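A.B. asks: Sending over a structure as structure tokens; questions will come in a sec.
The values are calculated or read from the model by the stated rules, or taken from the named source; none is laboratory data. Everything numeric in this text was worked out from a predicted model, so none of it was measured. Neighbour counts are summed over all protein chains in view; Cβ atoms, including those assigned to glycine, are modelled from backbone coordinates with ideal geometry.
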Amino acid sequence: MLENLKRIDEQETFAERAQRMFPAAMYGALATSAYTIALTLVNVYTFPNLPIGLDWGRFLGMWIGFSLGLAVFGVVAAWFTEEPAGIVGGGILFTIILAIVFLVFSGAQNSTVTMQSLIAAIPFVGANMLGAWALRWAAHRHISILHDTDAGLRRKQITRHVLLIALIGLIPGVMTRMDLPSEQTLGHLHELLQAAPNDSSVWPQLPLRQVPNLEEHFGVDYVFYPRQSTLSAGALEVTVRFADGFTMTCHLPVSSGLSFITECNEGEEFQQVDSQ
């Protein structure tokens, strides 16, 4: 493998590769920025009946992390001289990088967790190859536009190209909008909290046993910060941040039939309690 990489490295100079690597990195960061903005704002502005807030800290962290990640992906994919090698090699190398990231964030301490981290990255091989092709195409198109001798036409083409890449990032971000069951689940929690100050009959449905201090904050304005659960599929983790500074986080199964909300704790993060 090292010999193959050495052979590939000798095919072009760094300056020649940089003509592809820089725009590939730039367009990777652009598409990811558009995706992150859409992902962050789509629920805030399309569910006006729910008090969903914009978590600036999480947004900035995702934006910086994802943008840097896709920029690196663009550099890796565009480094290869030949198109098939860039698509396949770029996809495989970035999948290996993802596996390492999964390994680090999982805090792997044994071979089982290590294997799970590797398996989790495997399904991304195909998507990463497609992404490598897209970033190489964006870079080649950028270079082609810059070679146009008509300055006016060049500006128009670059503008259209940038908008196209941004649109490619926006569409999957918009598609992350909460579905109806998620909306109903979050709406149920909202209805209970709204009713609680004047109707004690709803108190048994709220997590007062797990979060006893919640009762003291009934009637205080609050904002929801929902996100997909990392613990189980088909569930939301929702942080409820009250105007007086109190917060609680709940793990909510996505079901319109949810009657009792019990998996909650005080604080910004959900802490799973192992049942014995």
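A.B. asks: Can you pull out the residues in the stretch 151-182 that are over 20 Å from the mean Cα position of the chain (by Cα) and crowded, with 17+ Cβ neighbours inside 10 Å?
C.D. replies: Scanning the stretch 151-182 gives Gln157, His161.
A.B. asks: Ok, one more. Taking Glu191 as the residue in question, decide whether it is under 14 Å from Phe270 (Cβ atoms), acidic (Asp, Glu) and outside the structural domain of Gly57 (by TED's automatic domain parsing).
C.D. replies: No; evaluated as a whole, the condition is false for this residue.
A.B. asks: Out of the residues in the stretch 44-98 that are among the hydroxyl-bearing types (Ser, Thr, Tyr) and more than 19 Å from Ile165 (Cβ to Cβ), state the one that is surrounded by the most Cβ atoms within 10 Å (Cβ to Cβ).
C.D. replies: Result: Thr95.
A.B. asks: Right, another one. Of the residues Ser201, Ser255, which single one is assigned to a loop (DSSP other than H, G, I, E, B) and either outside the structural domain of Thr40 (by TED's automatic domain parsing) or of a type in the set (Val, Ile, Thr) (or both)?
C.D. replies: Among Ser201, Ser255, only Ser255 is assigned to a loop (DSSP other than H, G, I, E, B) and either outside the structural domain of Thr40 (by TED's automatic domain parsing) or of a type in the set (Val, Ile, Thr) (or both).
A.B. asks: Okay, moving on. Pick from Leu252, Leu214: which is buried (at least 17 other Cβ atoms within 10 Å of the Cβ), of a type outside the set (Val, Ile, Thr) and at pLDDT 95 or above?
C.D. replies: Result of the check over Leu252, Leu214: Leu214.
Residue-by-condition table, conditions (1) under 22 Å from Val76 (Cβ atoms); (2) in contact with a strand residue (DSSP E or B) (Cβ under 7 Å, 6 or more places away or on another chain); (3) in a helix (DSSP H, G or I):
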residue	(1), (2), (3)
Met129	yes, no, yes
Trp133	yes, no, yes
Ala138	yes, no, yes
Arg141	yes, no, yes
Ile145	no, no, yes
Thr149	no, no, no
Thr159	no, no, yes
Ile165	yes, no, yes
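A.B. asks: Could you please find all residues in the stretch 168-178 being in a loop (DSSP other than H, G, I, E, B) and in contact (Cβ under 8 Å) with a residue 40 or more places away in the chain?
C.D. replies: Correct list: Thr176, Arg177, Met178.
A.B. asks: Given (1) under 22 Å from the mean Cα position of the chain (by Cα); (2) in the same structural domain as Ile52 (by TED's automatic domain parsing), where does Thr185 come up short, assuming only one miss?
C.D. replies: (2)
A.B. asks: Now, a different point. Would you check if there is a residue in the stretch 225-238 being surrounded by 15 or more Cβ atoms within 10 Å (Cβ to Cβ), in a loop (DSSP other than H, G, I, E, B) and not assigned by TED's automatic domain parsing to the domain that holds Trp56?
C.D. replies: So far as the stretch 225-238 goes, yes, one or more of its residues are surrounded by 15 or more Cβ atoms within 10 Å (Cβ to Cβ), in a loop (DSSP other than H, G, I, E, B) and not assigned by TED's automatic domain parsing to the domain that holds Trp56.
A.B. asks: Here is a follow-up. Of the residues Ala24, Ala85, Ala78, Ala15, only one is part of a helix (DSSP H, G or I), at pLDDT 95 or above and aliphatic (A, V, I, L, M); which?
C.D. replies: Unique residue meeting the criteria: Ala24.
A.B. asks: Inside the stretch 51-75, can you point out the residues that are of a type in the set (D, E, K, R) and assigned to a helix (DSSP H, G or I)?
C.D. replies: Correct list: Arg58 only.
A.B. asks: Let me ask something additional. Please name all residue pairs, on different chains or six or more residues apart, with Cβ atoms under 9 Å, provided the first residue is in the stretch 139-158 and is more than 11 Å from Pro23 (Cβ to Cβ) and the second residue is assigned to a loop (DSSP other than H, G, I, E, B) and acidic (Asp, Glu).
C.D. replies: Arg154/Asp148; Gln157/Asp148
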